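Scroll down for the structure; my scribbles are underneath it.
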Amino acid sequence: MSRKILILGVNGFIGSALTEAILKEKDWEIYGMDMASDKLEGCLGSPRFQFVEGDITINKEWIEYHIKKCDVVLPLVAIATPSIYVSDPLRVFELDFEANLEIIRKCVHYKKRVIFPSTSEVYGMCEDEEFQEESSHFVLGPIHKQRWIYSCSKQLLDRIIYAYGVHNNLDYTLFRPFNWVGPKLDNIFAAKEGSSRVVTLFIADILHKGEIKLVDGGKQRRSFTDIDDGIDALMRIIENKDNIATGRIFNIGNPTNDVSIRELAELLLKLVKEYPDYKAIAEKVKVTDVSSEAHYGTHYQDINRRVPSIKNAEEFLGWTPKVDLTTALRKTLDYHLGRAAGELDSQ
Ligand code: UGA
């Protein structure tokens, strides 16, 4: 069935990959807004894609008009970098919570289906072996640990969306990405100190600094998920065959890619050495330890282990992740190292 999809934050890591996949695999039309379009190179010419440069906190009329016009809304705009949660928590609240709440309310008003990016971070420091969407507890630290403002903002939106579902029949799905990685995640050149996520930070550190810093020894673990697996799950959610995703929450992660941050650093270094142009650089990289306080400041608190249960996604979406960590990192390196070579050539 043909449908019209509104993607806010269409130039982001998830938005750009989703747009590419939809244009390739479906006959759906996409309306997208973002502040830039550099990740959308291959999509901009498509007659089924209308892009407008704009800001969700400013261009509200365009957004309202397109919510009215479209069948499905994906509000993907958010700050999702931990260093900003601690350096600028109010901006995280204003964008991730306030700006998105306005959009959710318009979806309720116009009775439109909304697919909302919750986050693995809502589970916080939960100690369950695997996090379950319907039964795991959300465990956050004290108020002065400002890192949790992102988790808390997303959690409250999850609860508001759920309540609109119960009381106003809002047609929604919440999805929780678990450390998705792949090409177009962050930008290793624009990356200021601590402004992107661990995989891209480490790549930038290898190329530009000769040193990888492991926060608190790198014992903490994450389950990294390849973007193509994530997009496959999202496509099934948008498809919503027999309304199977309506009113449901899905962890979208890869429990078999659960590694410590130290293991991640070692694997990345090993893989970078396979690229002849970067072998010498990678061989000189030092892996050092840094305290979380020195790295992020006192307002930070870490998550030790984070493994998703994906039973819901398997049962209702027929989805299982397929891409192992080494392949996911190779794809990410191919993209970033290819661009790095171009950047060096043009200097
Ligand atoms: C991320 C971000 O909050 C969001 O991108 C997202 O919602 C969510 O998790 C997700 O993608 O599932 P986190 O995994 O803590 O949170 O973020 P990273 O910055 O990627 O850090 C991962 C781990 O690496 C942390 O334990 C951090 O302390 C460590 N790290 C980071 C280092 O050891 N060294 C560094 O230089 C940077």
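Structure notes:
- Shown is the FRET efficiency for THR288 and ILE244, computed with R0 = 51 Å from the Cβ-Cβ distance and rounded to the nearest 0.05: 0.60.
- Surface share of carbon and sulfur [accessible, 1.4 angstrom probe, percent] for the range 169-305: 48
- Cut-off under 5 Å, modelled amide H: who pairs with ASP226 long-range: VAL181, VAL323
- The range 139-159 versus the range 180-242: alpha-carbon centroid distance in Å: 21
- Computed from label points 7 Å out along Cα-Cβ, the spacing between ASP27 and GLU274 is 4.0 nm.
- Rg to Rh, two decimals, where the chain supplies the alpha carbon set and Rh follows Kirkwood: 0.95
- Within the accessible area of the range 38-103, the carbon and sulfur atoms contribute 50%, probe 1.4 Å, all protein chains present.
- DSSP bridge orientation in the chain - percent antiparallel, rounded to nearest 5: 10
- In the chain, helices alone account for a calculated mean residue ellipticity at 222 nm of -11000 deg cm²/dmol, with every DSSP H run of four or more residues adding -39,500 (n - 2.57).
- For the range 92-121 versus the range 299-326, the spacing of their alpha-carbon centroids is 22 Å.
- Chain lengthening between ALA163 and GLU61 when straightened (0.36 nm per residue, less Cα-Cα): 34.1 nm
- Taking the range 216-237 and a reference point 7 angstrom along Cα→Cβ of THR256, the backbone N atoms nearer than 14 Å belong to 224-226, 229.
- Hull-based mean projected area of the range 1-156, where the convex hull spans the alpha carbons, in square nanometres: 10.5
- Length gained when the stretch ILE281-LEU101 is fully extended (0.36 nm per residue, less Cα-Cα span): 60.2 nm
- Positive-end ranking of SER120, ILE104, SER153 along the dipole of the range 99-160, with charges on Cβ about the Cα centre, is headed by ILE104.
- Relative contact order for the chain, counting Cα pairs under 8 Å that sit 6 or more residues apart, in percent: 18
- The residues of the chain have, on average, 45 Å² of accessible surface per residue, using a 1.4 Å probe with all protein chains present.
- With the simple spin-label model, which puts each label point 7 Å out from Cα in the Cβ direction, the ASP324 to VAL139 separation comes to 3.1 nm.
- For the listed residue pairs LYS213/LYS270; LYS279/LYS331; LYS273/LYS331; LYS286/LYS331; LYS145/LYS209, the alpha carbons are over 20 angstrom apart in LYS286/LYS331; LYS145/LYS209.
The values are calculated or read from the model by the stated rules, or taken from the named source; none is laboratory data. Note that the structure is a prediction, hence the values are computed from the model and not measured. With ideal geometry, Cβ positions are generated from the backbone for all residues, glycine too; neighbour counts draw on all protein chains shown. Protein only, heavy atoms only, side chains kept; ligands, DNA and RNA dropped before computing areas. Shrake-Rupley method; radii C 1.70, N 1.55, O 1.52, S 1.80 Å.
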